[in-house]
Each structure stands twice: as C-alpha cells, then as structure tokens.
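Working notes for the structure below.
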Amino acid sequence: MQKFLAAFFVVAGFTLPLTYGVAQAEPVSKTAKKPARQAATTTQDSEAISVAGLTSSQYSCELGNKFTVYKKSDDPSFINLQWRNKMHRMLRKATTTGADRYEDKQTGLVWINIPAKSMLLDIKKGSQLANECRNTEQRKALAAAKPN
C-alpha cells in the first residue's frame, strides 16, 4: 500500500504543474485573430489620409530607399509618412533625448529624426527599413560640416 501511495504522489507531482500550466494558458484560436487583423487593415486602407495643407519633405536614404513626410508646422503631434506607396498616420511619442519619434502602432513603423539624419524602423519585425536618411536641409548641413 505504501508503494502504491508513493507512486501515486510521484505521478501526481509531475502532472500537477503540467495541468496547472495548461489550465492557465490562454486558448489559441487562429480564427479569432484573423478577422481582427483584417478589420484593422481594412480600416486603415479605407480611411483616406489627407495631406492637404501639410508641408512635405522628401528623404533619400542609403541603399536607394526614399520616403516623404507630411506635417503641419504648427502641430507636431502627428505626421503622415508615405513609404512604399502607402500612407501612414504616425503619432508623436515623447523621448528623453529630444529626438522626434513618431509611431504607427497598427503597422509597427517608427520614424526617428535627429538633426543629422533620420531612420525608419519596423518594431514588429525588429528591423531597420531605412537608415542614413536625409532631407535637403540635412544634406546641406552635412555638406557644410565636411572639411574640403
């Protein structure tokens, strides 16, 4: 009888954490997530982002990448960024360094602008999309800073 009880507690001791972890885990439902993602994409595509009245600035980057930023001079809370024939509305996020940082949470795009250059990141994939990006003012400042 003692051997039976010892074996029972050993088996129960190994299976209890497994069943507890399974009971606590969220159910995986692939069909539930797909409509939500499609709805978010459809919403962004159906909303036409207007750039009327905004000033544009074109950025040329290393490896031939280009994008255009549209913004209001009196309202730095958002920008519209055109990347690969898609318009993204990006909201400003506060930084401790003073850099301009804008995010589009739906697509995962992040644009960071400092006086010397800009970069475009995809935080969902954890990769850089464009680096060493400069508009005409940044290119002029870089050329003036280089010694002859």
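The values are calculated or read from the model by the stated rules, or taken from the named source; none is laboratory data. Not measured: the values here are computed from a predicted model. With ideal geometry, Cβ positions are generated from the backbone for all residues, glycine too; neighbour counts draw on all protein chains shown. Areas reflect the complete protein model, heavy atoms only, side chains present, ligands, DNA and RNA absent. Shrake-Rupley method; radii C 1.70, N 1.55, O 1.52, S 1.80 Å.
Rundown of residues vs (1) of a type in the set (K, R); (2) open to solvent by 70 Å² or more (accessible area, probe 1.4 Å); (3) outside any strand (DSSP E or B); (4) under 27 Å from A48 (Cβ atoms), yes/no style:
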residue	(1), (2), (3), (4)
R92	yes, yes, no, yes
V110	no, no, no, yes
E132	no, no, no, no
K140	yes, yes, yes, no
A144	no, yes, yes, no
Condition check for A143: within 22 Å of Q58 (Cα to Cα), in contact (Cβ under 8 Å) with a residue 12 or more places away in the chain and not charged (D, E, K, R): no
Residue ID - modelled with the lowest pLDDT, chosen from residues in the stretch 114-130 that are touching a helix residue (DSSP H, G or I) at 6+ places or on another chain (Cβ under 9 Å) and under 25 Å from V51 (Cβ atoms): P115
Top-ranked residue of the stretch 71-93 - restricted to ones that are farther than 15 Å from L120 by Cα and in contact with a strand residue (DSSP E or B) (Cβ under 8 Å, 6 or more places away or on another chain), ranked as modelled with the lowest pLDDT: S73
